[in-house]
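Below is one structure, written out as structure tokens; the observations come after it.
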Amino acid sequence: MYDEEQHPEHGPLAGFTVGVTAARRAEELGALLQRRGATVLHAPALRIVPLADDGELLAATKGIIDQVPDVVVATTAIGFRGWIEAADGWGLGEQLLGRLRGVRLLARGPKVKGAIRAAGLTEEWSPSSESLAEVLDRLLEEGVDGDRVAVQLHGEPLPGFVESLRAAGAEVVPVPVYRWMPPEDLSPLDRLLDAAVTRGLDAVTFTSAPAAASLLSRAEDRGLLDDLLSALAHDVLPACVGPVTAIPLQARGVDTVQPERFRLGPLVQLLCQELPARARSLPVAGHRVEIRGHAVLVDGDLKPVPPAGMSLLRALARRPGWVVPRADLLRALPGAGRDEHAVETAMARLRTALGAPKLIQTVVKRGYRLALDPAADAKYADA
């Protein structure tokens, strides 16, 4: 387990590479990760398209002004603000605010509540959990039969939410403020996808369900979906900001980790616990060696290692203390071909990077082995 107080010179995520799929607040999330030592690969999995000039939003706004709903559900702060700003642009801002002052206004969480109050309105209720499911439960509990309920959509349809209200007898008026679309430039997303399937990432973060769905969709388009699902199941940790975000991944059978509080800070803290806990730590030649994504901690000192060296080290660590033949190590090297001399070259660079040559022993005419400490040999002998 990583001890930040014991190793203050580098962060808990040093040596790990984390993918960021967010479109909004990506810089903030990236900065939080980098401050804790992570290497960040950012690729927005989607883009947000405002609908200020969209006839659908204009029609919904006019419909609410002409026929006032009984309940309005605001789902996102950016969406609610965008709706009021768009109405202002059409000269309908004051009329819309006047109608909203007379209805039951429900906010999905604190940020939405802040946007509502900034517009000079007051919400009737907001769940502490930021869960739309809790909003739905409250509405169904109070009864919506015969009510007109306007729902500000947050970039994607909410079929379960909307259908449940309609099944309970409500007339639902969707208010589509902005939409999620695939990114215009797909090359960053493709680089992130390639990094995930080749295990060049240690974790990938998701802050919205559409971002998760977009990455899965792009993988399917490129014929890489099975490879991506395998990587997320075994080697690349999928971290979601909350349970709603995780739904597209869970629908594909992918288990995710989520913080208890659905915020960026707790998401980063969760990674600070999970990734070091997943790193392989071994007693080797009198040293403590912890193998991370693209670096190694040797007695707490961070040693960056080239990709070829990391491939060799992982191959040796799969059977610690056992001799691994050069032919097996050659197969572990990415794009090495058939020349076993490539193993010797990469091994020399690995030993230099580690700064402790005795960690890896050469076994003449057989191969190489990690110099596992004698006391640990018994533990790993039958591994």
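The values are calculated or read from the model by the stated rules, or taken from the named source; none is laboratory data. Worth saying up front: this structure is predicted, and the values here are computed from it rather than measured. With ideal geometry, Cβ positions are generated from the backbone for all residues, glycine too; neighbour counts draw on all protein chains shown. These accessible areas exclude ligands, DNA and RNA; they are computed on the full protein's heavy atoms, side chains included. Shrake-Rupley method; radii C 1.70, N 1.55, O 1.52, S 1.80 Å.
Does GLY155 satisfy the criteria of being open to solvent by less than 70 Å² (accessible area, probe 1.4 Å), at pLDDT 95 or above and on the phi > 0 side of the Ramachandran plot? The answer is no for GLY155.
I'd like the residue in region 270-324 that is of a type in the set (Asp, Glu) and over 27 Å from the mean Cα position of the chain (by Cα) and, out of all such residues, is surrounded by the most Cβ atoms within 10 Å (Cβ to Cβ). Working first, answer last.
Looking only at region 270-324, we keep the residues that are of a type in the set (Asp, Glu), and these are 274, 290, 299, 301.
In the following step, the residues that additionally are over 27 Å from the mean Cα position of the chain (by Cα) were identified as 299, 301.
On the way: ASP299: 12, ASP301: 14.
Out of the qualifying residues, it is ASP301.
Within region 273-280, is there a residue that is touching a helix residue (DSSP H, G or I) at 6+ places or on another chain (Cβ under 8 Å), within 17 Å of LEU372 (Cβ to Cβ) and of a type outside the set (Val, Ile, Thr)? Yes: one or more hits.
How many of the residues making up region 240-261 are farther than 11 Å from SER208 by Cβ and among the hydrophobic types (A, V, I, L, M, F, W, C)?
Of region 240-261, the ones farther than 11 Å from SER208 by Cβ are 243, 249-261.
When the remaining residues are screened for being among the hydrophobic types (A, V, I, L, M, F, W, C), the result is 249, 251, 254, 257.
Counting residues in region 240-261 that are farther than 11 Å from SER208 by Cβ and among the hydrophobic types (A, V, I, L, M, F, W, C) gives 4.
Restricting attention to region 347-369, the residues that are touching a helix residue (DSSP H, G or I) at 6+ places or on another chain (Cβ under 9 Å), hydrophobic (A, V, I, L, M, F, W, C) and open to solvent by 10 Å² or more (accessible area, probe 1.4 Å) add up to 1.
When region 225-258 is filtered for residues that are free of Cβ contacts under 8 Å to residues at least 24 places away in the same chain, more than 16 Å from ALA203 (Cβ to Cβ) and of a type in the set (Asp, Glu), only ASP226 remains. Within region 185-195, being in contact (Cβ under 8 Å) with a residue 12 or more places away in the chain and among the small types (Gly, Ala, Ser) holds for one residue alone: ALA195. Listed by first and then second residue, the pairs linking a residue in region 167-184 that is farther than 25 Å from GLN67 by Cβ to a residue that is in a strand (DSSP E or B), with Cβ atoms under 6 Å apart and 6 or more places separating them unless they lie on different chains, are TRP180/GLY155; MET181/ARG47; MET181/VAL49; PRO183/ARG47.
Anything in region 163-191 that is in a helix (DSSP H, G or I) and buried (at least 18 other Cβ atoms within 10 Å of the Cβ)? List them, or say none. Before the answer, list the steps.
Kept after step one, since they are in a helix (DSSP H, G or I), are these residues of region 163-191: 163-167, 187-191.
Across region 163-191, the qualifying residues are SER164, LEU165, LEU189.
The residue of region 134-145 that is surrounded by the fewest Cβ atoms within 10 Å (Cβ to Cβ), among those that are in contact with a Pro (Cβ under 9 Å, 6 or more places away or on another chain) and in contact (Cβ under 8 Å) with a residue 12 or more places away in the chain, is ARG138. Of all residue pairs spaced 6 or more apart or on separate chains, those with beta-carbon atoms under 9 Å, a first member in region 196-224 that is at pLDDT 95 or above and a second member that is basic (Lys, Arg) and open to solvent by less than 40 Å² (accessible area, probe 1.4 Å) are ASP202/ARG292.
Tell me whether region 248-269 contains one or more residues that are part of a helix (DSSP H, G or I), over 21 Å from PHE16 (Cα atoms) and open to solvent by less than 10 Å² (accessible area, probe 1.4 Å).
Step one: list which residues in region 248-269 are part of a helix (DSSP H, G or I), which gives 248-250, 264-269.
Next cut, over 21 Å from PHE16 (Cα atoms) only: 248-250.
Remaining after also requiring open to solvent by less than 10 Å² (accessible area, probe 1.4 Å): 249.
Taking every residue of region 248-269 in turn, at least one turns out to be part of a helix (DSSP H, G or I), over 21 Å from PHE16 (Cα atoms) and open to solvent by less than 10 Å² (accessible area, probe 1.4 Å).
Just checking, does region 337-344 include any residue being part of a loop (DSSP other than H, G, I, E, B), modelled with pLDDT of 90 or more, surrounded by fewer than 17 Cβ atoms within 10 Å (Cβ to Cβ) and not β-branched (Val, Ile, Thr)? No, because not a single residue in region 337-344 is part of a loop (DSSP other than H, G, I, E, B), modelled with pLDDT of 90 or more, surrounded by fewer than 17 Cβ atoms within 10 Å (Cβ to Cβ) and not β-branched (Val, Ile, Thr).
Quickly run through region 196-210 and pick out the residues that are among the polar types (S, T, N, Q) and closer than 9 Å to GLY19 by Cβ. The answer is THR205, and nothing else. Just name the residue that is modelled with the lowest pLDDT out of those in region 325-336 that are open to solvent by 70 Å² or more (accessible area, probe 1.4 Å) and not charged (D, E, K, R). Going through the qualifying residues, I end up with GLY335. For region 243-260, filtering for residues that are closer than 20 Å to ALA26 by Cβ and either touching a Leu at 6+ places or on another chain (Cβ under 9 Å) or charged (D, E, K, R) (or both) leaves 7. Tallying residues that are of a type in the set (Gly, Ala, Ser), assigned to a strand (DSSP E or B) and closer than 24 Å to ALA342 by Cβ within region 270-308 yields 1.
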